[in-house]
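Undergrad: Would you mind keeping the following structure in view while I ask a few things?
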Amino acid sequence: MGKTHDAASQMGFLKGLGWPDRFQGTASEFREILLRFRQDQEKAGYRNVGSSDRPYSGYDGYARVADELYGGDMGRAHAAASQMGRVVEGLGWPDRFDGTSAEFKGLLSRYRQDQEKAGYRNVGSSDRPYSGEDGYIRMSEELFGGSMDRAYDAASQMGLLKDLGWPGRFRGKSSEFKEILSRFRQDQEKASYRNVGSGDRPYSGYDGYARVADELYGGDMGRAHAAASQMGRVVEGLGWPDRFDGTSAEFKGLLSRYRQDQEKAGYRNVGSSDRPYSGYDGYARTADELLKEFGAGS
């Protein structure tokens with residue numbers, strides 16, 4: 001089909017012949033897609049036939065064409081139909097899905113279960129099985145071996161993210177996501193108690209940031225911040241500072257000195273020269289002490 005289109009194009013015949021765009025495949029493949037398109041459009045012409053009764057329309061029709069012609073390869077099915085001009089638009093397919101029809105149908109089935117729940121009275125987002133943070137985890141584990149990234153990609157290509165209310169893309173495994181989420185929820189539960197200040201919340205602020213890095217990332221403050229930042233509300237909810245690209249030991253060493261200095265600042269008749277880590281001298285002292293503790297990288 002491609003060579004034929006090229007030849008007619010070079011001879012200026014395309015407009016007169018009314019051909020669709022160039023099709024990079026065989027004539028038999030083209031005819032199979034066209035046949036299905038025509039069957040679908042014929043159904044569309046009947047009275048009282050909704051889109052769900054048309055065999056090759058919408059999400060289900062897209063998966064059916066992939067199964068019947070491309071061994072379940074959704075990307076190839078979409079690429080082929082897209083070359084045929086009116087076909088994708090006429091069938092009302094979603095955007096291209098780069099995965100298998102089994103993944104597509106699995107995700108679609110779960111999305112529909114979730115949306116069905118959403119239609120019930122008195123059902124909050126926490127009661128919907130595939131919505132929110134927990135639903136994101138569940139989908140990744142049931143269909144993608146715990147890969148949060150692949151689950152997000154798939155739902156994004158299908159246009160489902162907004163309805164499912166997932167947070168931002170998490171580039172890691174569901175086990176890691178759950179560990180951070182568990183700590184965030186423990187912290188937020190503490191925050192709801194009366195007379196609990198931020199200092200009593202285990203994962204908030206500077207100390208909480210270092211604690212998460214120690215518990216989950218071997219003290220790597222950069223990785224801890226990067227992971228939590230992908231989870232939407234977590235960094236803001238915990239009140240962490242900006243990302244620190246170093247170890248938790250360095251972070252805590254610097255934080256300890258800062259607090260000693262600020263404590264001194266609270267005393268009467270203490271000038272900046274009496275504060276051990278302020279000003280030029282304090283800068284040099286901090287550098288010397290951290291170098292001695294942590295080596296040349298500090």
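The values are calculated or read from the model by the stated rules, or taken from the named source; none is laboratory data. Everything quoted here is computed from the prediction, not taken from an experiment. Neighbour counts run over all protein chains shown; Cβ positions are idealised from the backbone, glycine included. Ligands, DNA and RNA are stripped out before the accessible areas are found, and what is left, the full protein with its side chains, is counted by its heavy atoms. Shrake-Rupley method; radii C 1.70, N 1.55, O 1.52, S 1.80 Å.
Undergrad: Within the accessible area of the range 77-226, what % is carbon and sulfur when the probe is 1.4 Å and the other protein chains stay in place?
TA: 41 percent
Undergrad: Right, next: Going through the cross-link list Lys162/Lys190; Lys43/Lys105; Lys43/Lys117; Lys15/Lys43; Lys3/Lys43; Lys190/Lys252, which pairs have a Cα-Cα distance over 27 Å in this structure?
TA: The answer is Lys162/Lys190; Lys43/Lys117; Lys15/Lys43; Lys3/Lys43.
Undergrad: Also, I was wondering about something else. If each of Arg259 and Asp60 carries a label point 7 Å out from its Cα toward its Cβ, how far apart are those two points in nm?
TA: 6.1 nm
Undergrad: Quick check for you: which residues of the range 73-110 have the amide N under 14 Å from the point 7 Å beyond the Cα of Leu34 toward its beta carbon?
TA: What the label zone holds, given the 14 Å backbone N cut-off, is 81, 83-87.
Undergrad: How far is the Cα center of the range 216-231 from the Cα center of the range 18-41, in Å?
TA: 50 Å
Undergrad: Amide H neighbours of Trp166 under 5 Å, at least 5 residues apart or on other chains, H built in the peptide plane: list them.
TA: Residues meeting the amide H criterion: Gly132.
Undergrad: Enumerate the calculated ³J(HN,Hα) couplings along the range 78-83 in order (Karplus 6.51 cos²θ - 1.76 cosθ + 1.60, θ = phi - 60°), each rounded to whole Hz, writing x wherever the residue is Gly or Pro.
TA: Coupling constants for the range 78-83: 5, 4, 5, 5, 5, 6 Hz.
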